[in-house]
Each structure stands twice: as C-alpha cells, then as structure tokens.
Amino acid sequence: MYSVEIPENQAEFAELLRRVKLGEEVIISSSGVPVARIVPIAEKALTRIPGLDRGKVTIAPDFDAPLPDDVLNPFINPTNEDE
C-alpha cells in the first residue's frame with residue numbers, strides 16, 4: 001500500500017494512477033488524515049461452468065452422520081466440560 005497527500009498537479013495524479021494500474025493500493029490523505037483509497041478494478045470473475053470439476057471432489061458416505069458424543073457435547077453444554 002502506498003500513502004500520499006492530496007496531489008497538487010496532474011503529473012502527481014498520473015503517477016498515482018500508474019501505481020494503481022500496476023496493482024498497488026493508494027491511500028490519499030489530507031493533512032495526514034486518510035480520505036480516499038484508490039484500488040485497481042478487479043478483473044471480471046470467470047463464468048462458472050457446472051460440472052467442470054466433476055470427479056475432483058468426493059463426499060464421504062457418513063458425511064451427514066451424527067457426531068460422536070465427545071465432539072458434540074462441548075457444543076451442547078459449553079460450560080460443562082466434564083460431560
């Protein structure tokens with residue numbers, strides 16, 4: 001991140017934009033107080049294609065099975081550590 005006082009002229013502002021184009025975030029301050037942040041525009045997200053990762057993820061057969069009591073009890077009785 002780069003921090004700077006409010007630019008006085010066009011050349012300074014052009015330099016700030018150059019830095020942003022390179023991916024840097026710029027904070028603009030007035031009398032040492034941050035007033036604005038210039039960030040690069042994020043690239044448009046790629047379109048999701050259903051089934052693209054088919055076969056890469058497996059779900060265990062017991063995925064939705066109840067948790068064992070020793071794991072579940074602290075959630076049910078958070079103040080009773082002995083149970």
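The table below gives the values:
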read-out: Theoretical gain in end-to-end length, Leu22 to Asn73 [0.36 nm per residue, Cα-Cα removed]; value: 13.2 nm
read-out: Relative contact order of the chain, defined on C-alpha pairs under 8 angstrom at six or more residues apart (%); value: 19 percent
read-out: Potential lengthening between Arg54 and Asn9 on full extension [0.36 nm per residue; Cα-Cα distance subtracted]; value: 10.8 nm
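Laboratory data are not the source of any read-out in this text; all were calculated from the coordinates shown. The shown structure was predicted, so the numbers you read here are calculated from the model rather than taken from an experiment.
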